[in-house]
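The structure appears below as structure tokens.
The values are calculated or read from the model by the stated rules, or taken from the named source; none is laboratory data. Because the structure is predicted, anything quoted here is derived from the model rather than measured. Heads up, the Cβs are rebuilt from the backbone with ideal geometry, glycines too, and the neighbour counts pull from every protein chain shown. Calculation scope for accessible area: heavy atoms of the full protein, side chains included, ligands and nucleic acids excluded. Shrake-Rupley method; radii C 1.70, N 1.55, O 1.52, S 1.80 Å.
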Amino acid sequence: MKKFFIKMAVLLLILAVGDFLIGKGMDYVYANVMSGGQRRNNFIANEMDADILVFGSSRAIHHYNAQLIQDSLGLSCYNCGQDGNGIMLDYGRLLLVKKRYTPKCVIVDVTPGYDLLKSTDGIDLGWLRPYYDNEGIKAMFADIDGKEKYKMLSSAYRYNSFFLTRLASYLSGKVEEDKTKGFMPIDSRPGNVRINKMLSFSDVEYDSLKLDYFRKLIDLAAGSRLYFVISPVWYDMKTRREEEIKPLKAICRQKGIPLVDFTNHPKYMRNDSLFSDGTHLNSLGADIFSRDVVQILRNDKR
């Protein structure tokens, strides 16, 4: 029996040392990767110093032409949007940015399904795991899943979602220049299967945690001009949209924050030439919309 416990102790020690070494190795790999989403994530957290920042889901990353906004306003701009994510990642990334500087302007593109409604969409914090030890990030993980604090005892766990891609990016030695300032245009128009069907909706159920993070983000963005924007969709969904954003409208009214809703805007609604699908603008649509955003910023006299 004694030998068994000795073997178990040795095995646990090997696993602990292995986990520590893998974690330290991935810390180095992650800090030095020069391409792909990992490099972009690291740049946003540690290096970016743009005047205007855009946050949100895929509808942010594909809708806001940062270079066009920058050229129009004479202020540097970077698009921090991320596919499949929402207010939780927005808050975490802005938290990391605010440890270094205060941007002049923060734009948060709101996708109600990710940002306001009850679902698991938009709350994957994989992009924030490498920064878990930063003040404030740890509390976010505890808010979402109380088990995370135990999982994060493993150094390797912080990188398990993207382990192979991060390692491959590092080993490739490839250096990518971010020529679009985080913006990722879609060069396509809807095909035959496109958007003729109306969206089907279930009952609206709000997520109190997500709404709480809107309030936290408003407080965090103090010192910056903050805008919540709902970018265009192809669909006619005015009634549904009004119901979805009701609690956010109340928060914005209370805090004095603009909420600009492009749903059912006549310039965009059912305009096939400006969309790649029912919810994403193509590159032409993104350029036109970005000019509309520029006008909003110019007209704001706050």
(request) Test each condition in (1) over 30 Å from Leu95 (Cβ atoms); (2) of a type in the set (S, T, N, Q); (3) in contact (Cβ under 8 Å) with a residue 12 or more places away in the chain for Ser290 and report the one that comes out false. (result) (1)
(request) Considering each of Ala31, Ala50 in turn, give the residue that is modelled with pLDDT of 90 or more and either among the charged types (D, E, K, R) or farther than 27 Å from Leu274 by Cα (or both). (result) Ala50
(request) Could you please let me know if Leu226 is more than 24 Å from Arg291 (Cα to Cα) and buried (at least 17 other Cβ atoms within 10 Å of the Cβ)? (result) no
(message) For a quick check of your reading: which helices (runs of 4 or more DSSP H) sit entirely within the range 195-302 and have at least 3 residues that are basic (Lys, Arg)?
(response) 208-220, 238-244, 246-255
(request) Look at Lys104 and say whether it is open to solvent by 60 Å² or more (accessible area, probe 1.4 Å) and either out of contact with any Leu (no Cβ under 8 Å at 6 or more places or on another chain) or at pLDDT below 85 (or both). (result) no
(message) Looking at (1) under 24 Å from Asn282 (Cβ atoms); (2) surrounded by fewer than 19 Cβ atoms within 10 Å (Cβ to Cβ); (3) in contact (Cβ under 8 Å) with a residue 24 or more places away in the chain, which one does Pro266 not meet, given that it meets all the others?
(response) (3)
